[in-house]
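In what follows, a structure is listed as structure tokens, so that the remarks can point back to it.
What follows draws every value from the coordinates through simple rules; no lab data is involved. All values derive from a computational prediction rather than experimental measurement. As a convention, Cβ positions derive from the backbone with ideal geometry for all residues, glycine included, and neighbour counts pool all protein chains shown.
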Amino acid sequence: MSDDTEANSTGPKPHPPRARRPSLAGLAILIAVVALVGGGWGLIRLHHEARAEQATRVQDQATLAALQHQLAAATRAAQASDQRVASLESRLDDLAATTKGLDRRLSNMETAYAALSGQQQSGHDTLLLNDAEMLLRTGQQRYDLFHDTAGALKAYTQANAVLQQIQNPAYAPVRASAAAERDALAAAAPPGRQDALDTLSSLRGKVASLPLVTPATAASSAAAKSGFWSHVGRAFGGIVQVSRDNSKAPPLTDARFARQALALDLAQAQESLLAFDHGAYRMALQRADGTLMAQFDTAATAVQDAHTRITQLLAEHAAGPAPKLGGALAELQSLRASQNASTPAPASTAGGTKP
């Protein structure tokens, strides 16, 4: 307050000089210029910012358009995927339905296969039973009609093999009966016809070389067997001659007749053996042996060997106990008839099964 008092006390202030007024105007002009420059710079900067913002906006619009395009493509892909999924689901449903149908068909096929297997087994057993029945009948007829023990034995052996393949236990008694009849045939069967035929052929081939009996050989044989009663017999032989028919023919005048008679007897034995006529076969062998012992030199080794072989043939084909056949065949026929009568007829199917 002291300063104000001093100023007031000194009087009014002097006016500034007029020469300082232009400086204020220049300052104002300078300020205006600076303001103008600043405004222009601001406008320029604002223009640049507007252009940058517009470019950014264009870029954003392009990016947005690209994103929209990608979104549309993704949407279409998703729709296509949805369609594919729907198609796959439809196919899966079709496959499931087809699988169910196949399962039903498979089940029906298994049932049909089981039925066919049963029918096949039944048909197989039927064929085996037919074969067994035919073989049993063949064996019985060969033995009854031709006395072919070897052929009947072979037929019964095959019939037993066929019956062994049948699994049905109901036919066990038939198998036992057939086996018993086969054993009876085996016990009564001769060794073999082929060996006998070969022996007869060999004997027929040796007939031409067998030595016949001669008066010298007969006298030597009689001398070897001479005795008291032999001398008595020769003494009365000139007075009374007694002959005995014991299937031995008297000595033939021609050697060819003796050989031909022996060969014919052996040939008849072969024919009888081929015809399964064992009675005629044994009679032919007995006649051949009688001719051999009466008309041929019994001291010769070849004649003794032929006599031994004929004796063996007679012993081999000696008649044994005849087997009783036909029981197994009758039992088989009766059992099959009873089973066919008790088996119902198969039902016919209405049609195929649909899935």
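What order do you get for Arg287, Arg84 when you list them from fewest to most C-beta neighbours inside 10 Å?
Final ranking by Cβ density, sparse to dense: Arg84, Arg287.
What is the distance in Å between the Cα centroid of the stretch 87-110 and that of the stretch 276-308?
Between the Cα centres of the stretch 87-110 and the stretch 276-308 lies a distance of 88 Å.
To the nearest 0.05, what FRET efficiency results for Ala186 and Gln260 with a Förster distance of 30 Å applied to their C-beta separation?
Once rounded, the FRET efficiency stands at 0.15.
For labels at Lys100 and Ala280 in the simple 7 Å Cα→Cβ model, what's the distance in nm?
The two pseudo-label positions are separated by 8.3 nm.
Going out from 0 in 5 Å bins, what whole percent of all Cα-Cα distances in the stretch 26-185 drops into each bin?
Taking all Cα pairs of the stretch 26-185, the binned fractions are 2, 7, 8, 7, 5, 5, 4, 4, 3, 4, 3, 3, 3, 3, 3, 3, 3, 3, 3, 3, 3, 2, 2, 2, 2, 2, 2, 2, 2, 1, 1, 1, 0, 0 percent.
With a point put 7 Å past each Cα toward its Cβ, work out how far Ala77 is from Leu335 in nm, to one decimal.
A separation of 8.0 nm, rounded to one decimal place.
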